[in-house]
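Where a number appears in this text, it was derived from the coordinates with a stated rule and is not lab data. Since we're looking at a predicted model, the values are computed, not measured. In this analysis, Cβ positions are derived from the backbone assuming ideal geometry, glycine residues included, and neighbour counts consider all displayed protein chains.
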Amino acid sequence: MRVVLALAAALALSACGLRPLYSGGQGGVVASGLQAIAVGPIPGRSGWLVRKELTQRLGQASSANPRYRLEVGLDDDITGFGIRGDRAATRERRTLRARYRLVEAASGLTVLDATAGSDAGIDVVSSEYATIAAEQSALERLSAVVADQIVARLATFLSSPSARR
């Protein structure tokens, strides 16, 4: 009975039209498309971290004239909450939001305009050094999460038929 259900599930799944996003490996449409994206400068420490994460995931643009340019704007915010009686915050939330645009380098046409973001909770302790270290560590983790979200959305876009025109 289990074998029959497994075969039925496999047949149903193959009929749904799903296909691997990175099919073809490094020479595939998505992988080569991601390597054809140049990441523009992003101001600030958070921008440096996000740009570093993006270039690691995308690879370097394969030529001096990449097909796309990625423009990213960031909003990095720390909000204190969990206020004690002496009005000191006991908890913080760090949010990192990115608005990004994928622009065709040749025409200047924006082909993708989207957002990504994440947040992290931080305990505020009596040691200011420990709190600052926790804030920086949270920013590093958030930069990686936001970069992952951006690359996943870019890969989905590049796999669509409209991107291959």
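Worth pointing out:
- Using every pair of separate Cα atoms, the Kirkwood estimate puts the hydrodynamic radius of segment 24-164 at 16.4 angstrom.
- Here the gap between Arg84 and Asp148, fully extended at 0.36 nm per residue and compared with their Cα-Cα distance, gives a gain of 19.4 nm.
- Asp119-Thr131 pseudo-label distance in nm [points 7 Å out on the Cα-to-Cβ vector]: 1.9 nm
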